[in-house]
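Peer 1: The structure that follows is given in the form of structure tokens.
Just so you know, all these numbers are worked out from the coordinates, no wet-lab data involved. Please read these numbers as outputs of a predicted model, since none were measured by experiment. Reconstructed Cβ throughout: ideal geometry from the backbone, glycine too, with neighbour counts over all protein chains shown.
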Amino acid sequence: MVMDRGIIGVLALQGAFAEHISILHKLDVSAREVRTVNDLDGLDGLIIPGGESTVIGKMAVSYRLFDALRTLGQTGFPIWGTCAGLIFLAKDVGRAQPVLGLMDITVERNAFGRQADSFEQKISIPAVTACLGEKNDSPFPAVFIRAPVVTAVGPEVHILATLPDGKIVAVQQGNLLGTAFHPELTNDRRLHAYFLRMIRDK
Ligand code: GLN
């Protein structure tokens, strides 16, 4: 997908940022690693990758990005968090760690326990397939790595995807998108295309 103009930032403090950038490039989209407040200048959207949410949070504070990220999210700027990125966007993560608190969701970290530290599950994400068109209706390969789940959502949050047992693994609240899994670790680019569409339709 080619955007008329625009550049997507990927928070590059820790975690799987290179994989997101590589998918954006495959979609012919300009991407920029974000490590400082200046790197946020002129972006059209931001992806917060998976990794370790406590580390990402602490680094965002020490790199003086924390307040700028929160202000951007509060003012309608499109942000997508994957896995640790979803945790970082959440309002309630059940413990004291720096989180942006932008999404009205409660998240349980490492929700799948030791026996399922990592697994792949085919899931359907109707809002994404509806947005991208009928040719895109095959299930999504969702890769979960020490993944969180969303255990409660506020009234403005749309649940985009659940596992067969009902666990919530993808949510959207206006300009904010969150997935508990890692689309950037698969060849499936539809979630990235959906995020770009969110930005374009803003
Ligand atoms: N378990 C990590 C955390 O709590 C998230 C794992 C991931 O991003 N793959 O931050």
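Peer 1: Taking amide hydrogens as modeled 1.01 Å from N in the peptide plane, which residues meet the under 5 Å criterion relative to Ala31, leaving out close sequence neighbours?
Peer 2: Amide H neighbours of Ala31, under 5 Å, 5+ apart: Ile8.
Peer 1: Let me ask something additional. Along the charge dipole of segment 57-200, pointing to its positive end and built from +1/-1 on Cβ of Lys, Arg, Asp and Glu, which listed residue (Ser62, Ala127, Pro141) has its Cα farthest out?
Peer 2: Ser62
Peer 1: Counting Lys and Arg as +1 and Asp and Glu as -1, each charge on the Cβ, what is the dipole of the chain about the Cα centre in debye, to the nearest 20?
Peer 2: Numbers: 20 positive and 21 negative charges, 42 e Å.
That gives a dipole near 200 debye.
Peer 1: Please turn the phi angles of segment 43-59 into ³J(HN,Hα) values with the Karplus equation 6.51 cos²θ - 1.76 cosθ + 1.60 (θ = phi - 60°), one per residue in order, whole Hz, x for glycine and proline.
Peer 2: Using θ = phi - 60°, the values come out as 6, 9, x, 9, 10, 9, x, x, x, 10, 5, 5, 5, 4, x, 5, 5 Hz.
Peer 1: Another question about this same structure. Report the relative contact order of the chain, percent, no decimals, based on alpha-carbon pairs under 8 angstrom and at least 6 residues apart.
Peer 2: Numbers: 434 pairs, mean separation 38.2, N = 202.
Dividing the mean separation by the residue count of the chain yields 19 percent.
Peer 1: If you project the alpha carbons of segment 91-169 onto the principal axes, what extent comes out on each, in Å, largest first?
Peer 2: Here the Cα extents, ordered largest to smallest, are 43, 33, 20 Å.
Peer 1: Net charge around Met198, counting only other residues with Cβ within less than 13 Å of its Cβ (Lys, Arg = +1; Asp, Glu = -1)?
Peer 2: +2
Peer 1: Students often forget the sequence filter, so: which lysines lie under 18 Å Cα-Cα from Lys135 once same-chain residues fewer than 8 apart are removed?
Peer 2: Lys122
Peer 1: Run through the DSSP bridge list for the chain and note the antiparallel percent, rounded to the nearest 5. Numbers along the way, then the final one.
Peer 2: On the way: 19 of 36 bridges.
About 55 percent, rounded to the nearest 5.
Peer 1: Further question on the same structure: Restricting to Cα atoms and excluding each atom paired with itself, what does the Kirkwood estimate give for segment 54-202 in Å? List each step's numbers first, then the result.
Peer 2: On the way: mean 1/r = 0.0642 Å⁻¹.
Hydrodynamic radius (Kirkwood, Cα only) of segment 54-202 equals 15.6 Å.
Peer 1: Which of Gly51, Gly133, Gly73 ends up with the largest GNM mean-square fluctuation for the chain, with Cα atoms connected below 10 Å?
Peer 2: Among Gly51, Gly133, Gly73, the largest mean-square fluctuation in the Gaussian network model of the chain belongs to Gly133.
Peer 1: What ³J(HN,Hα) values, in whole Hz, does the Karplus curve 6.51 cos²θ - 1.76 cosθ + 1.60 give for segment 31-37 when θ = phi - 60°, with x put for Gly and Pro?
Peer 2: In residue order, the calculated couplings are 9, 9, 6, 10, 10, 10, 4 Hz.
Peer 1: Indicate, rounded to the nearest 5 percent, the antiparallel portion of the DSSP beta bridges found entirely in segment 1-84. Please list the in-between numbers first.
Peer 2: Numbers: 0 of 11 bridges.
Taking every DSSP beta bridge with both residues in segment 1-84, the antiparallel ones total about 0 percent.
Peer 1: Using unit Cβ charges (K, R positive; D, E negative) and no other charged atoms, how large, in debye to the nearest 20, is the dipole of segment 85-198 about its Cα centre? Let's see the in-between values first.
Peer 2: Numbers: 11 positive and 11 negative charges, 36 e Å.
That gives a dipole near 180 debye.
Peer 1: Out of all Cα-Cα pairs in segment 139-202, roughly what percent, to the nearest whole number, are more than 14 Å apart?
Peer 2: On the way: 1195 of 2016 pairs.
Cα-Cα pairs in segment 139-202 separated by more than 14 Å: 59 percent.
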